[in-house]
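Throughout, read-outs are computed from the coordinates displayed, never taken from laboratory work. Everything numeric here is computed off the predicted structure, so don't read it as measured data. Glycine gets a Cβ as well: all are built from the backbone with ideal geometry, and neighbour counts include every protein chain shown.
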Amino acid sequence: MEYEAVIGLETHVQLSTKSKIFCSCSTRFGSEPNANTCPVCLGMPGSLPVLNREVVHRAIKVGLAVGGKIAEWTKFDRKNYFYPDLPKGYQISQYDLPIVVGGKMDIVVEAGHRTIGLTRIHMEEDAGKLIHGENLGDPSSSYVDLNRAGVPLLEIVSEPDIRSSEEARRYMDKLKTILQYLEVSDCNMEEGSLRCDANVSVRPVGQKEFGARTEVKNVNSFRFLQKAIDFEIKRQCALLEEGGSVIQETRLYDEKSDRTISMRSKEEAHDYRYFPDPDLAPMVVGDEWVEEVRAAMPELPDAKARRFMSDYGLPEYDALVLCAARATADYFEGAARGAKSPKVVSNWVMGEVLRVVKEKGATPDTIPVTPAMLGKMVGMIESGAISGKIAKAVFEDMATSGKDPEMVVEEKGLAQITDTSSIEAEVDKILAANPSQVADYKAGKEKLIGFFVGQVMRATRGTASPDMLNKILKEKLK
């Protein structure tokens, strides 16, 4: 039987506010264990939470970016469960009245464009972190670090509209891009700023009803997310083919064995005994606040890509690659201002600039070659001051030294030779030194023109104008 996957993602995003959601403790990552704590985030009796307004502001921002409906009236609830790093014995979250309802994200996959619906976005506090002793030379113990307890989270829940691990990866890529454009989170997966739970089920193709689902918890990289989903799909299909059934449960992905492992039976909403938090008053989000946030929204990646296509004449592929990161888009735009051919600038950014960014583990705005320097270098190519081949050597020097392209060209003598007599003199030397190749060319082996071009270019260190060189060579070889 042929099966199809049904996948929904729950993404937890740590907001990059300076203080926690219900107290003034720092959210700084990497502090000494339990240094960023107070009676509120430690869950001490008698301590009272006070809502951080910036958290609500950022939730509204994300809701507007994905086209969701901002709730006029919202509240916080207590989600009750026990875990060693949850000091209160409950998590302050939102249940039936989240801050954002609905929304969507458009993604591009090999099959074309897909729209993934969003169910909700809600605010909540993060739990602490367990540090197991094997990492500290004490395999018999585990330690609790509550620095993370109370760090603000947005949980973004998708509809079960995703049908493959590729679509899940593209959805997460797009979500990360939007969050970074909005500057609400650094989305650093290694530090836990972006975590994802995948709900996976399979069903026979054509069946409307969903199958029993499993939840794969806290996947911490996009590559592992794809691997975990692929494993779950294969595992569930094999179970059904053998006449078995899928058990609704929570599973963990183990990178070493590349498989998911059963963790516990899956909880339902009633297991958490939700009820309104009595220490936090319900909140009215007025239209004025929403419009204030809307007015300050940045240009988002889809809108920016459309503008790059219309204003700069870029193909869709280029626009999507450049707009995948705000720093890359800003770099391109800074370099393309005034350029005769923005497409040439795009090629350099997607090729050499992103290569250097990857090699240095940097971002486009921190490499030695500034957008203005790249724009000037492309202008030198367009004016004929240097050739495209020489430009690569110039760029390499700029990427190391941070020098202006004109300075590099002058210091290394790389200016393109456009003087006819100088090129003719070099051509005459090469033809005189290679009489047999000249004879072969005249006998019909016209592909030897490439040999002569290479010899002259080597003699001039690549500075001869290619157009003039080809013209002069053909005339002299007649």
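Please sort by residue number the trypsin sites (Lys or Arg not before Pro) in segment 224-321 whose DSSP state is loop and whose Cβ has at most 14 other Cβ atoms within 10 Å.
On the way: sites: 227, 234, 235, 251, 256, 259, 264, 266, 273, 294, 304, 306, 307; in loops: 256, 266, 273.
When the trypsin sites (Lys or Arg not before Pro) of segment 224-321 are filtered for loop state and at most 14 Cβ neighbours within 10 Å, 256, 273 remain.
Which of 262, 22, 84 sits closest to the plus end of the dipole of the chain, meaning its Cα is farthest towards the positive end, when Lys and Arg get +1 and Asp and Glu get -1 on the C-beta?
Of the listed residues, the answer is 262.
What is the distance in Å between the Cα centres of segment 19-59 and segment 170-249?
Centre-to-centre (Cα) distance: 30 Å.
Per DSSP helix of 4 or more residues, -39500 (n - 2.57); summed, then divided by the residues of the chain. What does that give at 222 nm, rounded to the nearest 500?
Rounded to the nearest 500, the figure is -12000 deg cm²/dmol.
Between the helical axis of 466-477 and the dominant principal axis of the chain, each derived from Cα atoms, what acute angle in degrees is found, rounded to the nearest 10?
On a 0 to 90 degree scale, this one is about 30.
Using a simple spin-label model with points 7 Å from Cα along the Cα→Cβ vector, what separation in nm is obtained for residue 311 and residue 478?
Placing both labels 7 Å along Cα→Cβ, they lie 4.9 nm apart.
Kindly express, to the nearest 10 degrees and within the range 0 to 90, the angle between helix 165-182's C-alpha long axis and the longest C-alpha principal axis of the chain.
Compared with the principal axis, the helix lies near 90 degrees.
State the label only: which of [x] 23.0; [y] 27.7; [z] 32.5 corresponds to mean projected area of the Cα convex hull in nm² computed from the shown model?
[z]
Suppose every K and R has +1 on its Cβ and every D and E has -1 on its Cβ; what is the size of the dipole of the chain about the Cα centre, in Debye to the nearest 20?
Roughly 1140 debye, rounded to the nearest 20.
For helix 301-312, what angle does its Cα long axis make with the longest principal axis of the chain, in degrees from 0 to 90 and rounded to 10?
That helix lies at roughly 20 degrees to the long axis.
FRET efficiency for residue 166 and residue 432, Cβ-Cβ distance as r, R0 = 41 Å, nearest 0.05?
On the way: r = 60 Å, r/R0 = 1.47.
For R0 = 41 Å, the calculated efficiency reads 0.10.
Report the gain in length on full extension from residue 72 to residue 257: 0.36 nm times residue separation, minus Cα-Cα distance, nm rounded to one decimal. Provide the component values of the computation, followed by the final result.
Values: separation 185, 0.36 × 185 = 66.60 nm, distance 4.72 nm.
Residue separation times 0.36 nm, minus the Cα-Cα distance, leaves 61.9 nm.
Quick one: which residues, 5 or more positions from residue 159 or on another chain, have an amide H under 5 Å from its amide H? H modelled 1.01 Å from N in the peptide plane, none for Pro or chain starts.
117, 118, 119
Please give the contour-minus-distance gain from residue 1 to residue 350: 0.36 nm per residue of separation, less the Cα-Cα distance, rounded to one decimal in nm. Before the final figure, lay out the partial values.
Working: separation 349, 0.36 × 349 = 125.64 nm, distance 4.35 nm.
This chain segment gains 121.3 nm when fully extended.
Using the crude model of +1 on Lys and Arg Cβ and -1 on Asp and Glu Cβ, and no other charge, please compute the dipole size for segment 420-477 relative to its Cα centre, in debye to 20.
Numbers: 9 positive and 7 negative charges, 29 e Å.
Roughly 140 debye for segment 420-477.
Can you tell me which of 404-411, 16-23 comes out highest on packing, and rank the rest after it, using the mean Cβ neighbours within 10 Å?
Values: 404-411: 17.1, 16-23: 20.6.
Top to bottom by mean Cβ count within 10 Å: 16-23, 404-411.
Add +1 for every Lys or Arg and -1 for every Asp or Glu among the other residues with Cβ under 13 Å from the Cβ of residue 287, and state the total.
Values: positive: 69, 294; negative: 72, 288, 291, 292.
Spelling it out: positives minus negatives among the neighbours equals -2.
Tabulate in residue order the Karplus-calculated ³J(HN,Hα) for segment 25-41, using 6.51 cos²θ - 1.76 cosθ + 1.60 with θ = phi - 60°, rounded to whole Hz; enter x for Gly and Pro.
Karplus-based 3J(HN,Hα) across segment 25-41 equals 5, 5, 9, 4, 7, x, 6, 4, x, 6, 7, 9, 9, 8, x, 5, 7 Hz.
Looking at segment 291-444, what % of the alpha carbon pairs are farther apart than 20 Å? Write out the running numbers ahead of the final one.
Numbers: 6941 of 11781 pairs.
The share of Cα pairs beyond 20 Å in segment 291-444 comes to 59 percent.
Here is the link list: 61/104; 20/88; 412/476; 447/476; 129/176. Which ones come out longer than 19 Å on Cα distance? Spell out each step's value before the answer.
Numbers: 61/104 14 Å; 20/88 16 Å; 412/476 30 Å; 447/476 15 Å; 129/176 23 Å.
Among 61/104; 20/88; 412/476; 447/476; 129/176, the Cα-Cα distance tops 19 Å for 412/476; 129/176.
Taking every pair of alpha-carbon atoms in segment 420-477, give the share separated by more than 18 Å as a whole percent. Walk me through the intermediate numbers first.
Details: 355 of 1653 pairs.
That fraction is 21 percent.
Estimate the FRET efficiency between residue 362 and residue 299 by the formula 1/(1 + (r/R0)^6), using the beta-carbon distance for r and 25 Å for R0, to the nearest 0.05. Don't jump to the answer; show the numbers that get you there.
Values: r = 24 Å, r/R0 = 0.95.
E(calc), rounded to 0.05, equals 0.60.
Nearest 20 debye, what's the magnitude of the dipole of segment 29-168 about its Cα centre given +1 on Lys and Arg Cβ and -1 on Asp and Glu Cβ? The partial results should precede the final answer.
On the way: 14 positive and 19 negative charges, 111 e Å.
Computed charge dipole of segment 29-168: roughly 540 debye.
Excluding residue 8 itself, calculate the net charge of residues whose Cβ lies under 10 Å from the Cβ of residue 8, where each Lys or Arg counts +1 and each Asp or Glu counts -1. If you can, show how the numbers build up before the last one.
Values: positive: 213; negative: 10, 159, 161, 197, 215.
Every neighbour counted, the sum reads -4.
Once the piece of chain linking residue 26 and residue 48 is laid out straight, how much longer is it, given 0.36 nm per residue of separation minus the C-alpha distance between them? Don't skip to the answer; put the middle values down first.
Details: separation 22, 0.36 × 22 = 7.92 nm, distance 1.73 nm.
Length gained between residue 26 and residue 48: 6.2 nm.
List the GluC sites (Glu not before Pro) within segment 85-179 that fall in a DSSP loop (any state other than H, G, I, E or B) and whose Cβ has at most 16 other Cβ atoms within 10 Å. Mind dumping the intermediate values first?
Working: sites: 110, 124, 125, 134, 155, 166, 167; in loops: 110.
Passing both the DSSP loop test and the Cβ count: 110.
5 Å is the cut-off here: which amide hydrogens, built 1.01 Å from N in the peptide plane, fall below it relative to residue 142, excluding neighbours closer than 5 in sequence?
Here 133 satisfy the definition.
Can you give the FRET efficiency to the nearest 0.05 for residue 245 and residue 270, using r as the Cβ-Cβ distance and R₀ = 25 Å?
Working: r = 23 Å, r/R0 = 0.91.
Once the sixth-power term is evaluated, E becomes 0.65.
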